[in-house]
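Derivation of every value follows stated rules applied to the coordinates shown; laboratory data play no part. Keep in mind that what you see is a predicted model, and the values were worked out from it rather than measured. Neighbour counts run over all protein chains shown; Cβ positions are idealised from the backbone, glycine included.
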Amino acid sequence: MTAVSSTANTESHASVLHENRVFPPSAAYLAQTTLNADTFAQLKREADLDLDAFWSHRARELLTWEKPFTQGLDETQAPFYQWFADGTLNVSFNCLDRHLGTQPDKVALIAEADDGSAEYITYQTLYERVCLFANGLKSLGVVAGDRVIIYMPMVANAVVAMQACARLGAIHSVVFGGFSSKSLAERIIDAEAKVVITANIGYRGGKPIELKKTVDEAVAQSNNLVEHVVVWARDQTETIMQARDIWWHDLTAQQTTDCPPVWVSAEHPLFILYTSGSTGKPKGVQHSSAGYLLGALQSFKWTFDQQPNDVFWCTADVGWITGHSYVAYGPLAAGATQVVFEGVPTFPDASRFWQMIEKHKVSIFYTAPTAIRSLIKLGADLPAKHDLSSLRLLGSVGEPINPEAWIWYYNVVGGGRCPIVDTWWQTETGSQMLTPLPGAVATKPGSCAFPLPGLSINILDEALHPTAPREAGTLVIERPFPSMVRTLWRDPERFKTAYFPEEFGGRYVAGDSAMRDEDGYFWILGRTDDVLNVSGHRLGTMEIESALVANPLVAEAAVVGRPDEVTGEAVVAFVTLKGERPTGDAALEMIKTLKAFVGQEIGAIARPADIRFSDALPKTRSGKIMRRLLRSIARGDAITQDISTLENPAIIKQLQEG
Ligand code: WT7
C-alpha cells in the first residue's frame with residue numbers, strides 16, 4: 001500500500017478543501033444537551049491518562065456482565081488484541097432483558113413496511129419474539145459458535161433473527177438482500193453456515209424481491225453445508241418449500257418465551273460481516289461480543305447524545321455494518337426507541353423520509369449522503385411540506401458529504417437548528433471513530449471533526465510523521481480500541497497484512513487518505529486502495545473485474561471509479577472482448593448484457609454505470625494496467641499523466657471514444 005497517494009477521490013472532493021464555514025451548536029441545542037465541551041474535554045483527559053482504565057471503566061458502567069472481567073486490554077497477541085477477555089456476558093441480554101425491569105412497555109421498534117403500515121413493538125414484546133425464535137433455532141440444533149446466515153428484508157424480524165443468534169452465542173452473518181445467489185453462496189461456504197434465515201419475499205419500492213428463490217439457488221451451490229432454511233412468511237406469496245425448509249411460524253409455534261441467554265466470553269465472535277477489499281474475495285470481518293457492543297453503545301450515546309424520549313432513525317439496512325451497530329445493537333442496548341424501515345426513500349415518492357419523520361416524530365435522523373443528494377435532485381422543496389420540528393440532530397455516514405448537500409441537509413431538513421454529525425468509520429472499526437460531538441464541537445460542512453474519546457487517530461506521511469495542516473496523508477489508528485475487528489474469518493494472515501502493514505509499525509491502516517485543517521479538524525479525502533464507494537457501499541474493483549472476466553465473451557477488464565453527483569462514485573469498466581470490438585447498436589446490446597451479468601454475479605449495486613470497449617487495455621511495458629490513466633479517461637479529463645512507459649499509446653484515443 002502506498003502511504004500517500006493522490007487517488008481519484010482526493011481530486012474529486014477538492015471542494016471540501018476550500019470549505020471554511022463553521023456552525024457552532026445553537027443555544028437551544030446547548031440548553032438540552034448533556035454532553036458539552038467540558039464533558040468532552042474531561043473524557044479526553046481521562047482517556048489520555050490511561051486508555052485501558054478509560055475503556056474498562058466504560059465497560060463496567062455500560063454493560064451488564066455475568067462474570068466481571070479482571071483485565072481490560074490484552075496486547076500479548078498483537079495485532080490480535082483482546083478486551084475484557086476473562087469476563088462473560090450475553091449481548092442479547094444486554095439489549096433486551098436488562099430493560100424489562102425499567103421500561104418493558106417502551107417502544108423498541110417502530111417497524112414501517114414498504115406499503116406504509118407500521119407496527120409498534122415494545123421491549124417486552126421484542127424480548128418475547130427473540131426468545132421464541134431463539135428457542136426455535138435451538139430446536140434445530142443451533143448452538144454457540146455455529147454460523148447462521150441471515151438474508152432478510154429490512155424488517156423487525158431481521159433484528160429478531162440477529163438478536164436470537166446473539167442469545168444463543170451463534171455467530172450470524174447478515175447478507176444484504178440485494179446480493180446475488182452467487183455472492184450469497186460464497187458467504188455460506190466461507191462461513192460454513194448451518195442455517196440460513198430468510199423470507200419468502202421482500203418488498204422495496206413496491207417491487208417484490210425474491211429472497212427465497214435466491215436462497216434456493218445459493219444453497220444448491222453450497223456443497224450441502226446448509227441443514228435448515230428458516231423462511232419467514234412476509235405475505236401469502238406462493239412459495240416452494242423443500243425438505244430442509246421450515247416456516248418461521250411453524251418453528252416457533254410450540255416454543256416458549258423463556259430462553260435463558262447463553263453466557264459467552266467477551267471475545268466470543270458475535271458476527272462475521274463480509275466486506276470488500278482491494279484484492280481477492282470479500283473479507284469476513286469478525287467482531288467480538290463485549291468490545292463490539294461497548295463501541296456500538298457508547299458511540300450511540302455520545303454521538304447522538306441520546307435522551308430518554310428520542311425517536312432514533314438510522315436508515316441503513318442490517319446487511320451493512322451501520323445497520324448492525326446503529327439498528328440491531330447500539331440503540332437496543334441503550335434502550336432507545338427507533339424506526340426500522342423496509343422500503344426506499346423514493347417510494348411512493350421522494351417525500352417518504354420527510355413524511356415518516358413527521359409521522360413518527362423522529363428526533364435523530366441518520367442517513368447517507370447518497371440519499372440526501374438523490375432527494376435534493378428529486379424534490380428539494382419537499383421537506384418544507386412536512387412538519388420536521390421533532391428533529392433535533394442529524395447524522396451522515398458512509399461516504400464524504402459534499403458541502404452543498406451538507407448545507408441543504410442543515411437548512412432545509414434541520415431547519416438550521418440541528419447539528420449534523422458526519423461520522424467516519426468502517427465495517428472493521430465496528431463503531432464510529434471520527435465525528436463532531438454535537439453539543440461540544442462546532443461543525444464544518446464536509447469534516448468529520450475529531451476522534452471520539454478513547455481513540456487515537458492520526459494522519460501520517462510516508463516517514464510516519466503527522467502531516468502538516470492541509471497536507472494529505474494516510475489515516476491510521478495508533479492504539480487498539482474495544483470495537484475493532486478481531487480477525488478475518490479463518491484468514492488471520494490476511495488480517496495482518498490488510499490492516500497492519502509492516503511499514504506502518506503496528507498501526508491500524510484504514511485505507512483512507514485524509515488531512516487536518518489549522519484547527520485540527522479531520523477531512524476524509526477518499527480511499528487509497530482499489531476500493532470504490534458507490535452510494536456508501538464498498539466495492540472492490542477486482543471483484544467487479546473478476547465478475548466481468550467470468551463472462552465467456554470477455555478477455556480482460558479494468559474497473560475504476562469516477563465521481564458521480566448522486567452515488568458519490570460510479571463504476572466504470574474498460575473491457576476487451578475475445579471477439580471483435582462491437583460498435584453502434586451491437587455495443588449497446590453488449591453493454592446491457594455485461595451490466596446484467598455483473599448484477600447476477602455480485603448484485604445490482606456492483607453494476608457498472610459505464611462500460612467501454614477497446615482492443616487492448618493501456619499497460620506499461622512491464623504489463624501493469626495504468627489505472628490512473630483510466631481514471632482520467634473515465635471522467636473525461638485531459639491526460640496529464642506521464643505515458644512514456646505505456647506500451648500501446650495508440651490505444652488512448654480508442655478508450656476515450658469507446
Ligand atoms: C469506508 C468504510 C461507516 C459505515 C458504513 C461504511 C468511507 C465512511 C465516511 C464519512 C467520508 C466515509 C471511508 C471508509 N466512509 N464514512 N463520514 N466520510 N468517508 O462502511 O462499507 O466499511 O466503508 O467508507 O472510505 O473507509 P464500509
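The table that follows gives values for the structure above.
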read-out: Residue-wise HN-Hα coupling along the stretch 85-95, computed from phi with Karplus coefficients 6.51, -1.76, 1.60 (Hz; x: Gly, Pro); value: 4, 8, x, 10, 6, 9, 5, 5, 4, 5, 8
read-out: The chain: calculated mean residue ellipticity at 222 nm from DSSP helix runs of at least 4, using -39500 (n - 2.57); value: -8500 deg cm²/dmol
read-out: Gain on full stretching of the segment that runs from Ala253 to Ala555 - 0.36 nm per residue minus C-alpha separation; value: 103.3 nm
read-out: Hz values of 3J(HN,Hα) by residue in the stretch 640-652 - Karplus curve (6.51, -1.76, 1.60), Gly and Pro given as x; value: 10, 5, 6, 10, 5, 8, 6, 6, 10, x, 5, 6, 4
read-out: Residue exposure sequence - Glu503, Glu399 - by fewest surrounding Cβ within 10 Å; value: Glu503, Glu399
read-out: Relative packing of 196-204, 456-464, 389-397, 609-617, which averages over residues the other C-beta atoms within 10 Å, highest first; value: 196-204, 389-397, 609-617, 456-464
read-out: Partner aspartates and glutamates for Lys194 [C-alpha distance under 17 Å; skip if fewer than 8 residues away on the same chain]; value: Asp146, Glu186, Asp216, Glu217, Glu227, Asp245
read-out: Label-point gap, in nm, between Asn411 and His465 - each point 7 angstrom along Cα→Cβ; value: 4.2 nm
read-out: Lone cysteines, the chain (no partner Cβ under 4.7 Å); value: Cys95, Cys165, Cys314, Cys418, Cys448
read-out: Antiparallel content of DSSP bridges confined to the chain, in %, to 5; value: 60 percent
read-out: Burial ordering of Ser622, Ser181, fewest other beta-carbon atoms within 10 Å first; value: Ser622, Ser181
read-out: Residues Asp105 and Ile643, FRET efficiency given R0 of 56 Å [Cβ-Cβ distance, rounded to 0.05]; value: 0.25
read-out: Unit charges at the beta carbon, dipole of the chain: most positive-side option, Leu646, Asn94, Phe84; value: Leu646
read-out: Leu588 paired with Ala78, simple spin-label distance in nm, labels 7 Å along Cα-to-beta-carbon; value: 6.0 nm
read-out: Inter-part distance where the stretch 615-636 and the stretch 467-534 are each reduced to a Cα centre, Å; value: 26 Å
read-out: Cross-link pairs beyond the 20 Å C-alpha cut-off, checked among Lys44/Lys67; Lys359/Lys385; Lys44/Lys301; Lys138/Lys213; Lys207/Lys283; value: Lys44/Lys67; Lys138/Lys213; Lys207/Lys283
read-out: Sparse-neighbour loop sites [trypsin sites (Lys or Arg not before Pro); the stretch 481-582; at most 16 other C-beta within 10 Å; DSSP]; value: Arg490, Lys578
read-out: Where labels lie 7 Å past Cα in the beta-carbon direction, separation of His18 and Thr64 in nm; value: 5.5 nm
read-out: Protection-proxy order for peptides 47-57, 154-164, each taking the mean of Cβ atoms within 10 Å per residue, highest first; value: 154-164, 47-57
read-out: For Ile110, Ile321, order by how many other beta-carbon atoms lie within 10 Å, fewest first; value: Ile110, Ile321
read-out: Segment Lys624-Asp519, length gained on full extension (0.36 nm per residue, minus Cα span); value: 33.7 nm
read-out: Residues with amide H under 5 Å from that of Thr443, placed H, sequence gap 5 or more; value: Phe23
read-out: Added length on full extension, which subtracts the Cα-Cα distance from 0.36 nm per residue, Gln32 to Lys377; value: 120.8 nm
read-out: Cut-off under 5 Å, modelled amide H: who pairs with Arg147 long-range; value: Ile171, Lys194
